[in-house]
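Questions regarding the structure given below will be posed in turn.
The values are calculated or read from the model by the stated rules, or taken from the named source; none is laboratory data. The structure displayed is predicted, hence computed values, not measured ones. We place every Cβ from the backbone using ideal geometry, glycine too, and count neighbours over all the protein chains shown. All accessible areas refer to the heavy atoms of the entire protein, side chains included, with ligands and DNA or RNA removed. Shrake-Rupley method; radii C 1.70, N 1.55, O 1.52, S 1.80 Å.
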Amino acid sequence: MISTARHHAKIPEFEQLLSAGNVAFNLVHAAYALGYAATWTTRWYALDTEAAEMLGAHYGERFIGFISIGTPTAVVEDRPRPALETIVSAWQDAAR
Ligand SMILES: Cc1cc2nc3c(=O)[nH]c(=O)nc-3n(C[C@H](O)[C@H](O)[C@H](O)COP(=O)(O)O)c2cc1C
């Protein structure tokens, strides 16, 4: 997936980039909703200007990443997660 964020009078480029990221995220969700499995990877060739150009990104465009979609063949086991209270703070606590 390629983002073509560029100067716009009302929409900052970072919002355009975030929007492209959300398209990718929704694509992953849609694949799972249809019974497929999906992964989103960036990889070095998305970040390297010359390689990205070879893969179709034009000047000023950037790869959001690659969405691979396929038929799941195994149940993916979750990895250990941090306790939420160690990484999440409520808005009213933000000034502490
Ligand atoms: C924007 C984005 C880019 C990613 N790029 C890579 C990548 O280049 N290589 C890779 O092995 N995994 C990549 N991943 C997968 C993540 O490393 C991770 O395995 C995945 O998001 C699942 O998260 P979890 O390990 O917290 O469950 C990417 C994920 C996201 C959301």
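Filter the stretch 1-33 down to the residues that are over 30 Å from Pro72 (Cα atoms) and outside any loop (DSSP other than H, G, I, E, B), then identify the one that is most open to solvent (accessible area, probe 1.4 Å).
Phe14
For residues that are within 14 Å of the ligand (Cβ to nearest atom) and either at pLDDT below 95 or among the basic types (Lys, Arg) (or both), scanning just the stretch 40-50, find the one that is least open to solvent (accessible area, probe 1.4 Å).
Selected residue: Ala46.
Hey, can you tell me all the residues within the stretch 36-50 that are free of Cβ contacts under 8 Å to residues at least 12 places away in the same chain and either under 11 Å from the mean Cα position of the chain (by Cα) or not in a helix (DSSP H, G or I) (or both)?
Passing the criteria: only Asp48.
Taking the stretch 51-96, which residues are over 20 Å from the mean Cα position of the chain (by Cα), in contact (Cβ under 8 Å) with a residue 24 or more places away in the chain and away from the ligand (no atom under 15 Å from the Cβ)?
Across the stretch 51-96, the qualifying residue is only Thr71.
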